[in-house]
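Asks: Okay, here's the structure, questions in a sec.
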Amino acid sequence: MTSTTPVSASSAVSALLNATETAAKTGSNSLATSASTTASTASAGAFASLAGNENEFLTLLTTQLKHQDPSNPTDTSNMTSELAQFANVEQSVQTNTNLTRLISLQAEGQLTTDKAMVGQTASVSTNTLPLQNGSASLSFSAVSGEVVGVSVANSAGQVVKDDVVESSSGTNTWKWDGKDNSGNTMPDGAYSVSVKTVDSSGTTSDVAFNVNGTITGVTKGANDIYIKMGGAVVPMADVSTVSSASAAS
């Protein structure tokens, strides 16, 4: 694994930085939204709707019983059908409740296992870059001599760091010392990052990359397990590899 080499400015480089800055600013919108809160809201809304249907059915049924046709009060054909519908709705509510409990128990077991990863280094496929203890890094694969641009934006959508490097063949590591373009030290936390390359005609394209960070916690959302890397929170499903701190160094 090799470090990247800075390159000088040009018209192609300007186009590259414009593209990476735009992407980094766009990605910063997701930093202000909690993934676990979003997932929880969607799940609760679906259950509330189903439970509400059951209550509405009970109200309708009791109202019908109060207003039976006095000329034919013993006709039970419609009531039998409605009772069957009620049983189906009630069963669906109970099934959903039991399934939610089962998923929760499985998630709790998985959470206990995943907590053993705290303190280890994770490589994650995400555009959320964790700045921890004034340091951050990401890795990408490229061919030798490829011009690669990196832009970092904060949660307010402000670009704080730009860099253009010439890659080596294979896996490259880009490191950030936590200082912005003016040399000011930025606070630890979650930042949005974009990585792109440019050809001789000025056409830019995305470069696949993974961010690296130390796992500081594991938490459970409504539909997924999330890892914390300082101020960054990302889904466990996006984790590519986990290694001990000694192995990563």
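Asks: Considering only lysines 8 or more places apart in sequence, or on different chains, count the pairs in the stretch 134-249 whose C-alpha atoms sit under 28 Å apart.
Replies: Summing the qualifying lysine pairs gives 10.
Asks: Ignoring everything but the protein chains, give the 1.4 Å probe accessible area of Lys228 in square angstrom, nearest 10.
Replies: Around 80 Å² of this residue is reachable by solvent.
Asks: Amide H neighbours of Ser240 under 5 Å, at least 5 residues apart or on other chains, H built in the peptide plane: list them.
Replies: Here the answer is Ser123, Val124, Ser125, since their amide H atoms fall under 5 Å of that of Ser240.
Asks: Which length gain, in nm to one decimal place, applies between Asn88 and Asn223 when the Cα-Cα distance is subtracted from 0.36 nm times their residue separation?
Replies: Residue separation times 0.36 nm, minus the Cα-Cα distance, leaves 46.0 nm.
Asks: Can you compute the modelled spin-label distance between Ala156 and Thr22, with each label point 7 Å from Cα toward Cβ, in nm?
Replies: Modelled inter-label distance: 2.4 nm.
Asks: Using packing as a proxy for protection, rank 202-211, 124-133 so that the peptide with the highest average count of other Cβ atoms within 10 Å comes first.
Replies: Working: 202-211: 16.7, 124-133: 21.6.
Peptide ranking by packing, descending: 124-133, 202-211.
Asks: Something else about it: Grab the Cα-Cα distance for Ala116 and Ser11, subtract it from 0.36 nm times how many residues apart they are, and report the gain in nm with one decimal.
Replies: Numbers: separation 105, 0.36 × 105 = 37.80 nm, distance 4.85 nm.
Result for the pair: 33.0 nm of gain on full extension.
Asks: Take the Cβ-Cβ distance between Thr63 and Lys179 as r, set R0 to 51 Å, and report the resulting FRET efficiency rounded to the nearest 0.05.
Replies: Working: r = 70 Å, r/R0 = 1.36.
E(calc), rounded to 0.05, equals 0.15.
Asks: Which three extents, in angstrom, do the Cα atoms of the stretch 119-249 have along their principal axes, listed largest first?
Replies: Cα spread of the stretch 119-249 along its principal axes, largest to smallest: 47, 31, 31 Å.
Asks: Whole-Hz ³J(HN,Hα) for each residue in the stretch 198-207, computed from phi via Karplus 6.51 cos²θ - 1.76 cosθ + 1.60 with θ = phi - 60°, x for glycine and proline: what do you get?
Replies: With coefficients 6.51, -1.76 and 1.60, one gets 9, 9, 5, 8, x, 7, 9, 8, 6, 10 Hz.
The values are calculated or read from the model by the stated rules, or taken from the named source; none is laboratory data. Nothing here was measured: the structure is a model prediction, and the numbers come from that model. Every residue, glycine among them, receives a Cβ derived from its backbone with ideal geometry; neighbour counts consider all protein chains shown. Please note that ligands, DNA and RNA were not included when accessible areas were found on the heavy atoms of the full protein model with its side chains. Shrake-Rupley method; radii C 1.70, N 1.55, O 1.52, S 1.80 Å.
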